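A short write-up of the structure that comes next.
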Amino acid sequence: MAAVSTRAIVLRAHDYGDSSRILRFYTEGFGLLSVVAHGVRGRTGKGAGGVASFASGELTAYVRPHRDLHTMKDFSSTRMREGLARDTLRFAGAAVAAELVLSHAEQERHEGLFEALGRALDEVEGADPVHLPWAVLSGLWRLIEALGFAPQIEACVRCGTPLGSGDVGRFDIVGGGVRCPACADTSQGPRIGPVARAQLVEMLEGGVPRPLTHARQHVTLVADFVAYHVVPRPLKSLPFLSSLLPTEAP
Ligand SMILES: [Zn+2]
């Protein structure tokens with residue numbers, strides 16, 4: 001059988017048997033791909049060192065149709081992203097991104113998701129500490145968008161009226177976006193004012209990073225949105241991410 005090559009990002013790795021590892025990749029060509037890397041443990045040098053979580057590189061594997069586990073031939077890492085281990089919030093942010101992709105993506109090519117994941121991890125790794133919550137949340141919203149579930153922020157999800165610059169509406173989780181003040185009274189979602197709306201729009205556009213106010217409330221919003229629209233159960237890594245962020249009055 002011929003081996004195939006594709007750009008790939010390591011999402012998770014664990015030991016298998018005495019000397020092997022099972023690696024879960026998000027790949028450009030095949031979507032999610034689980035491979036067994038035979039005999040890599042205990043080996044020193046590039047081959048073994050290139051299989052840490054969040055590394056990007058070129059994966060060569062024997063991919064059999066209709067199988068869940070494939071065989072790795074080689075992984076040559078081009079970007080280790082070791083900076084993600086520099087502090088807990090960075091690592092927690094990367095872990096949420098990985099869990100989101102692992103929970104929803106499938107073993108098939110998904111346009112734009114590979115780029116969104118790589119960019120999210122790069123920005124979380126490279127952000128200065130004051131912009132780090134912004135980088136984490138922005139990466140998650142753009143992954144959600146790449147998965148096909150972008151929220152509607154600028155016009156009311158119920159009546160379609162664009163929200164005015166001073167309007168305080170509500171975020172309707174079930175409806176998938178904001179409600180204008182006139183429709184807000186029938187929604188149970190969190191209040192959302194002009195500042196938080198502008199932050200959401202900029203995060204979705206990958207705009208210029210800035211200090212994120214009410215980061216913990218933003219994480220709660222992302223968690224509720226993902227749990228309703230994207231994956232059938234809450235992401236396990238989100239409460240830990242939230243616990244690392246400062247508490248501010250709503
Ligand atoms: Zn409305």
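Read-outs: derived from the displayed coordinates by stated rules, not from any lab. The structure displayed is predicted, hence computed values, not measured ones. Because the Cβ atoms are built from the backbone with ideal geometry, glycine has one as well, and the counts that use them run over all protein chains shown.
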(message) Please list, by residue number, every one of the GluC sites (Glu not before Pro) in region 166-250 that is coil in DSSP and has at most 13 other beta-carbon atoms within 10 Å.
(response) 248
(request) Note the direction-averaged projected area, equal to a quarter of the hull surface, for the Cα convex hull of the chain, in nm². (result) 14.5
(message) Given an 8 Å cut-off on Cα distances and at least 6 residues of separation, report the relative contact order of the chain as a percent.
(response) 15
(request) Indicate the gyration tensor shape class of region 102-194 (rounded, prolate or oblate), computed on the Cα atoms with a ≥ b ≥ c the square roots of the eigenvalues: a/c under 1.5 is rounded; otherwise a/b larger than b/c is prolate and the rest oblate. (result) oblate
(request) Show that you can apply the helix-only estimate: for the chain, add -39,500 (n - 2.57) for every DSSP H stretch of four or more residues, divide by all residues, and state [θ] at 222 nm to the nearest 500. (result) -10000 deg cm²/dmol
(message) Compute the helix-to-body angle for 113-126: its Cα long axis versus the longest principal axis of the chain, expressed 0 to 90° and rounded to tens.
(response) 80
(request) Please work out the Cα center distance from region 188-240 to region 69-83, rounded to the nearest Å. (result) 31
(message) Per-residue counts of other Cβ atoms within 10 Å, averaged by peptide: what ranking do you get for 102-110, 137-145, highest first?
(response) 137-145, 102-110
(request) Enter the angle in degrees (range 0 to 90, nearest 10) between the Cα long axis of helix 215-225 and the first principal axis of the Cα atoms of the chain, meaning the one along which they spread out most. (result) 80
(message) Cβ neighbours within 10 Å, averaged per peptide: list 64-70, 113-119 in order, most packed at the top.
(response) 113-119, 64-70
